[in-house]
Amino acid sequence: MYNVVIVYKEQTILPTSMISKFIKSNYANDPTCPWTENTKEDERIPTYDLDNNIVGYILNLSTNGESDGFIVYDISSSEAIVTEFGYDGVYLIEDEEVTNKSKLGNSKLIPVGMNEYLVVNGNEIYTANI
């Protein structure tokens, strides 16, 4: 008889309250910020490491139904960190939209730097300049 021990990698959770706090802080402190109390997370697109663990999220935001920016979180450590954000449209990689309806948004994305990603297709890994 064998004893089986399954070890799961502990992952940081990205709570909605953390996202709301970041949005509120920006519109309260940045006069150029178009976000309001009506800004919300519209899409959550996971990013991965080479071992298929979720290491972050690309969040596209909307205000009153209009695309209104994005926040990129890294959750690979014990605390979620904002690595990028913007006040216009949805997140782009190489001028391609990253949404739940786009090719990039439906791909397995591996972050390798600021706005730089690898894309996994089957057993092949490509740069994200598709």
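Since every read-out is calculated from the coordinates, none of them should be taken as a lab result. Note that the structure is a prediction, hence the values are computed from the model and not measured. Here Cβ is always computed from backbone atoms with ideal geometry, including for glycine, and neighbour counts include all displayed protein chains.
Annotations for the structure displayed:
- Overall form of the range 67-119 per C-alpha gyration tensor (a/c, 1.5; a/b vs b/c): oblate
- Most mobile of GLY56, GLY69, GLY86 in a GNM of the chain (Cα contacts under 10 Å): GLY86
- Loop-located trypsin sites (Lys or Arg not before Pro) in the range 38-130 (DSSP state not H, G, I, E or B) with no more than 16 neighbouring Cβ atoms inside 10 Å: LYS101, LYS103.
- For ILE93, the residues whose modelled amide H falls within less than 5 Å of its own, excluding neighbours fewer than 5 places apart on the same chain, are VAL98.
- Taking the range 16-127 and dividing mean pair separation by its residue count, relative contact order in percent (alpha carbons under 8 Å, at least six apart): 17 percent
- Here the 3J(HN,Hα) profile of the range 72-84, calculated from phi with Karplus coefficients 6.51, -1.76 and 1.60 at θ = phi - 60°, is 10, 10, 9, 10, 6, 10, 6, 10, 5, 10, 6, 9, 8 Hz, Gly and Pro shown as x.
- Low-density loop cleavage sites - GluC sites (Glu not before Pro) in the range 70-111, where at most 11 other Cβ are within 10 Å (DSSP): GLU79
- Residues ASP95 and ILE13, FRET efficiency given R0 of 25 Å [Cβ-Cβ distance, rounded to 0.05]: 0.20
- Look at the Cα gyration tensor of the chain: its axes a ≥ b ≥ c give a/c of at least 1.5 with a/b at or below b/c, and that counts as oblate.
- The chain - charge dipole about Cα centre, Lys and Arg +1 at Cβ, Asp and Glu -1, debye rounded to 20: 420 debye
- Of SER77, LEU118, SER107, farthest towards positive along the dipole that unit charges on Lys, Arg, Asp, Glu beta carbons give the chain: SER77
- DSSP-assigned coil residues among chymotrypsin sites (Phe, Trp or Tyr not before Pro) in the range 5-98, each with at most 13 further Cβ atoms within 10 Å: TYR8
- Cα long-axis angle, helix 16-29 against the chain (0 to 90 degrees, to the nearest 10): 30 degrees
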